[in-house]
Every structure is written in structure tokens, then in C-alpha cells.
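Worksheet: one structure, shown below.
The values are calculated or read from the model by the stated rules, or taken from the named source; none is laboratory data. Only a predicted model underlies this, so the values are computations on that prediction, with no experimental measurement involved. Methodologically, a virtual Cβ is constructed for each residue, glycine included, from the backbone with ideal geometry; neighbour enumeration extends over all protein chains shown.
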Amino acid sequence: MLSHQEIHATATPPPSMPSSKGLDAVLLNEELHEAHCRIVTPSALALLLGLPGRSGVFLPQASLGYCQSFGRIIVVGRAPKGWLNKVDLSTTPIADYVRRSADAHLGLLLAKPGKHKFLQFLNRGNQRMGGVAGALGWCNLFAASHASASPTTIAKNFPDAYQAIKRLSRELLDAQLRILRPHVICFATNPSFDTQLKSHFGERMGPVAVENEGARLRFELDGIPAWRINHPMHLTKLDRDTALKDMIAVAKAAATRETA
């Protein structure tokens, strides 16, 4: 795990980046911590704890690079393949778990992505945002997985547990997007998750523009420009670079208007 000094040095934007008032990372993460502790209650976890093969609950934090980025982009994945699987949620105090999850999240954001396609996508975006580690934020549509896959696979056999994950995930993601205040949201979830997006956000999604024969959607979510693209493991290099170019341009334009 990186030290606080290493995190600060890695995540601080270079002096050549356009000036922006940015967000206060300390205050933002305090707000995230409080929201996560309020939402992840014993009653919210009750139906999950006995589910075999489930992951822990994915709870992110905001990196300094994201908070100071000139144009804030949140990339929303489908679900964590695994997340603090060995931590016993039934005996770990919620506040301690929230901190452990936040540390794990930041560690992955600032580390080299290795062979992980999703983290490679974030890293590529970071490079295009000035080479700042953690410039792109990362949340998930589902906060927990099952057997290293989306929890949608348990909807039939474990309907109560699935609905509990769905409710918890919706409440967490709504709070995270509200607190993190992105200029652009990128759902890297594949067309197969479009039903889940509509179920989660409903009428909060504006009119949808279909591009590239359905491989990419554009819409607004609560007035924020949003994309739905293929998961990075299914993205071609051209699709990846085109999506990043378009999203970064929109995010920077929004940041320019914000600071005018």
C-alpha cells in the first residue's frame, strides 16, 4: 500500500494543468465516509451475509487527482470481481470496513493496472488527462458480486439477496455521484446492462442517442452528460480512444464554464 506522501506525490496534478478551483479531497472523503456508514447498516446487510460466494461491499473514495482534475469524469463499472472477500462483515465495525474499502480502492487507483482491462482503461484516461494518477474516478453499478461475476446471476435462485444487493447498490451509487459531482459519467457496462441502468435510474435518464449500432449510448443523467460504452475487455482500441476523447472534451468544456 502506498504511503500518504506517495499518494500525494502521485496524485497531484502537474503545474501545467489549467487552473481550476477543484474540490476539497479531505472534505469530500469525509462526506463519502459518513454516507457509506449511514447506508451500509446491519439491516441493509442482513440478507447478504448468508449468501455463499458473495464479495464484500465496494465503497470507493475520491483521489486527490480526481478532485483537482480540470474536468471530472466518473467511470462506473458493472460490479467488483472480488472485494475484501476475506473480511467478515458480520463482525467488522462498519466504520472500520468503510475505511478499509476506501484504502483498497485508492491503492488500486494509484497502482499500475497490470492485466486488468478495466484498470487499464482508467489508466489510459489518466494519461489523457495530463498523466495524473487517479484523475478518473471509479464507482460500480453493483456494489457486490457473486462468484466473481455480476449479482444478476443470482436473481432467480436467491431473489431476496439479489434485491438487497440491488437496493444497497442503488443507494450507494446515488450518494457517490451526488457527492463526487462529476462533469461526465461513463457507464462501462455493455449493452447487456442497459436494462439495469433503466431500472436503477428510470426517468432520471434523458433521451438516449444510440451510436455505433448500439455499442455506445449517449444521454444525460440528472442533467450530467453520460455515456454507456462496452466494458473495457470488449472495447476495440478505436472505440476506447474515441470514447475517451469525446468524454474528456465534454468534461473540460464543463470545467471551463464552471471556472469562467
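Hey, among the residues in the stretch 202-232 that are in a loop (DSSP other than H, G, I, E, B) and on the phi > 0 side of the Ramachandran plot, which one's surrounded by the fewest Cβ atoms within 10 Å (Cβ to Cβ)?
Initially, the stretch 202-232 is screened for residues in a loop (DSSP other than H, G, I, E, B), giving 206-208, 215, 222-223, 230-231.
So of that shortlist, the ones also on the phi > 0 side of the Ramachandran plot come out as 222-223.
Numbers: Asp222: 13, Gly223: 8.
Looking at residues that are in a loop (DSSP other than H, G, I, E, B) and on the phi > 0 side of the Ramachandran plot, I get Gly223.
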(message) Under 8 Å between Cβ atoms, which residue pairs at least 6 apart in sequence (or on different chains) link something in the stretch 198-226 that is under 15 Å from Thr242 (Cβ atoms) with a partner that is buried (at least 17 other Cβ atoms within 10 Å of the Cβ) and among the aromatic types (Phe, Trp, Tyr)?
(response) Ala209/Phe219; Arg216/Trp227; Leu217/Trp227; Arg218/Trp227
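Which of the following residues is modelled with pLDDT under 95, within 18 Å of Asp241 (Cα to Cα) and of a type outside the set (Phe, Trp, Tyr): Arg72, Arg128, Arg54?
Details: Arg72 fails: modelled with pLDDT under 95; Arg54 fails: within 18 Å of Asp241 (Cα to Cα).
Only one candidate passes the filter, namely Arg128.
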(request) Determine if the stretch 161-176 includes at least one residue that is touching a strand residue (DSSP E or B) at 6+ places or on another chain (Cβ under 7 Å), under 18 Å from Lys81 (Cβ atoms) and modelled with pLDDT under 95. (result) no
(message) Against the condition more than 23 Å from Ser43 (Cα to Cα) and not small (Gly, Ala, Ser), how does Pro113 come out, does it pass?
(response) yes
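Suppose we keep only residues that are in a loop (DSSP other than H, G, I, E, B) and small (Gly, Ala, Ser) within the stretch 36-68. Which one would you say is nearest to the chain's Cα centre (by Cα)? If you could, list the steps in order and put the result at the bottom.
Filtering the stretch 36-68 for residues in a loop (DSSP other than H, G, I, E, B) gives 40-41, 50-53, 55-63, 68.
With the extra rule that they be small (Gly, Ala, Ser), the set shrinks to 50, 53, 55-56, 62-63.
Numbers: Gly50: 26, Gly53: 22, Ser55: 16, Gly56: 16, Ala62: 10, Ser63: 12 Å.
Checked the stretch 36-68; the qualifying residue nearest to the chain's Cα centre (by Cα) is Ala62.
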(request) Confirm whether Pro80 is surrounded by 20 or more Cβ atoms within 10 Å (Cβ to Cβ), part of a loop (DSSP other than H, G, I, E, B) and at pLDDT below 95. (result) yes
(request) Report yes if some residue within the stretch 175-197 is over 20 Å from Leu244 (Cα atoms), in contact (Cβ under 8 Å) with a residue 24 or more places away in the chain and among the polar types (S, T, N, Q); otherwise report no. (result) yes
